[in-house]
Amino acid sequence: MAQLWGGRFTKETDQLVYNFNASISFDKKLYAQDIRGSIAHVMMLAKQGILTDAEKDQIIEGLEGILSDIERGKLVISEQCEDIHSFVEATLIERIGNAGKKLHTGRSRNDQVALDMKMYARDEVLLVDNLIEDMLHVLLSIMEENTETFMPGFTHLQKAQPITLAHHMGAYFEMFRRDHERLKSIYERMDTCPLGSGALAGTTYPLDREYSATLLGFEKPTMNSMDGVSDRDYLIEFLSALSVIMMHLSRFSEEVIIWNSNEYQFVEIDDAYSTGSSIMPQKKNPDIAELVRGKTGRVYGALMSLLTTMKGIPLAYNKDMQEDKEMVFDAIDTVKDCLTLFTGMIRTMQFKKDRMEASAKNGFTNATDAADYLVNHGVPFRDAHGIVGQLVLYCIQKGIALDDMELSEFQEISPVFEEDIYEAIRMDTCVNKRVTTGAPGKAAMEEAIESYKKYLQEY
């Protein structure tokens, strides 16, 4: 049992207790952050005269060797050690002798683990954000190509008004743009360095915490040592942001699943992102979208688990906090996988434009425009609403769209209708006369697209 304590104990820890207490099986994921943090700590100790330059150089050379050997597979992280911190320190002492025993001067595992986890989270925020950027570029590309691809817009999963595929994708662009903004904001709040907080009350050594923070790329050190070792807000915020990302992906997945159905046939998912059935040879299943939808609950669970873990913990550090790692690691990896696969799926997905437009026409999505036509010809809106309702009922009974009606049929229900009704209810007319900011009209969408291009250039 390699551990960093034991002097006041008179007998060995029970093996089951040791195993239960140990975190090496999962916190070994933090080896790079642990070593980077230790190198910065040693450089600061030497700057402050707490270590000699010779000791500093010897320790750093040893730490860099450990890092290199782990990354090259020459050194396997032993699960005989309690945690990654004890493994690194024990390996260092084994390699360089007594100088390695000075590594932990002015430091506690409490601020060490707080540092490692925060460094890891900062790195992962940036990686997730890069994947969000990839998604935004794909969405923008689809928008640019589909400003005149007409489709039904829905409320209550019922066809409502005609829009374009560009407009629909623009809604998801806005969602994922907000995800980017959330990640950026979270990064700024977690950009404080806990190293030097000690166990909870700092240390009597003359540490330069500002220097340590600078070496590790943090904006500044944490301002309270108790909070420094016990803060997990940044992880809760990160999990919250990841949950929102998954919620957006899940909503998008639901639509892809619906659009891929035989009933809709709006899209064709590329073979690389589909699966078949073991018994039904005709099937082409949207498994990626379904799995993304399912894994959303997994990420939500991580958030709720950490909130529940933290809610009853008094200051400062408590062992409960060890439970933050596995769920956070899993949630981050899940979101990265989902973003990567979903982005690949929509990048290669084929949109059946004719089918989309036909669905919009057959769903009476131009009914509101027919009512607006009557209003513009002097009919009160409430009366116009009733007249168009009669038109829709007539079309349903005959199995036709509004566009398919003869002028005489229009005029049997209301004499106000003239030949220009056909122009008023054409898909392109219905969409393109909607030009206010945020609307689906081509002019409004082109303005939005230019705005999104600029946004991504400044990302």
Flagged pairs (Cβ under 7 angstrom, 6 or more apart or on separate chains; first in the range 43-69, over 18 Å from THR91 (Cβ atoms); second buried (at least 20 other Cβ atoms within 10 Å of the Cβ) and of a type in the set (S, T, N, Q)) are MET44/SER212
In the range 398-431, the residues that are of a type in the set (A, V, I, L, M) and not in a helix (DSSP H, G or I): ILE400, ALA401, MET405, VAL416, ILE425
Flag if PRO206 is assigned to a strand (DSSP E or B) and either surrounded by 17 or more Cβ atoms within 10 Å (Cβ to Cβ) or touching a residue at least 40 places away in the same chain (Cβ under 8 Å) (or both): no
For the range 156-180, which residues satisfy the criterion of being among the polar types (S, T, N, Q) and modelled with pLDDT of 95 or more? THR164
Any pair with Cβ under 6 angstrom, 6 or more apart, that starts in the range 8-28 at a residue that is at pLDDT 75 or above and ends at one that is among the aliphatic types (A, V, I, L, M) and surrounded by 14 or more Cβ atoms within 10 Å (Cβ to Cβ): ASP27/ILE84; LYS28/ILE77; LYS28/ILE84
Pairs, please: C-beta under 8 Å, at least 6 apart or cross-chain, first residue without any contact (Cβ under 8 Å) to a residue 60 or more places away in the chain and in the range 348-375, second polar (S, T, N, Q) and outside any helix (DSSP H, G or I)? LEU374/SER414
Is there a residue being acidic (Asp, Glu), under 27 Å from TYR317 (Cα atoms), at pLDDT 95 or above and assigned to a helix (DSSP H, G or I) anywhere in the range 49-61? no
Output the residues belonging to the range 339-355 that are touching a Leu at 6+ places or on another chain (Cβ under 7 Å) and either closer than 22 Å to ARG434 by Cβ or not β-branched (Val, Ile, Thr) (or both). LEU339, PHE342, PHE351
Of GLY62, GLY73, which residue is among the small types (Gly, Ala, Ser) and at positive phi? GLY73
Restricting attention to the range 432-445, does a residue exist that is closer than 26 Å to ILE387 by Cα and outside any loop (DSSP other than H, G, I, E, B)? yes
All positions within the range 133-164 that are aliphatic (A, V, I, L, M) and more than 18 Å from ASP354 (Cβ to Cβ): MET135, LEU136, VAL138, LEU139, LEU140, MET143, LEU157, ALA160
Specify which of the listed residues (SER68, SER38, SER23) is of a type in the set (Ser, Thr, Tyr) and farther than 17 Å from GLN112 by Cα. SER68
So, of the residues in the range 249-278 that are touching a residue at least 60 places away in the same chain (Cβ under 8 Å) and crowded, with 20+ Cβ neighbours inside 10 Å, which turns out to be farthest from the chain's Cα centre (by Cα)? PHE266
Return yes when SER185 is assigned by TED's automatic domain parsing to the domain that holds LEU303, out of contact with any strand residue (DSSP E or B) (no Cβ under 7 Å at 6 or more places or on another chain) and under 21 Å from LEU341 (Cα atoms) and no when it is not. no
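The values are calculated or read from the model by the stated rules, or taken from the named source; none is laboratory data. Treat the numbers as computed from the prediction; the structure is a model and nothing was measured. Glycine gets a Cβ as well: all are built from the backbone with ideal geometry, and neighbour counts include every protein chain shown.
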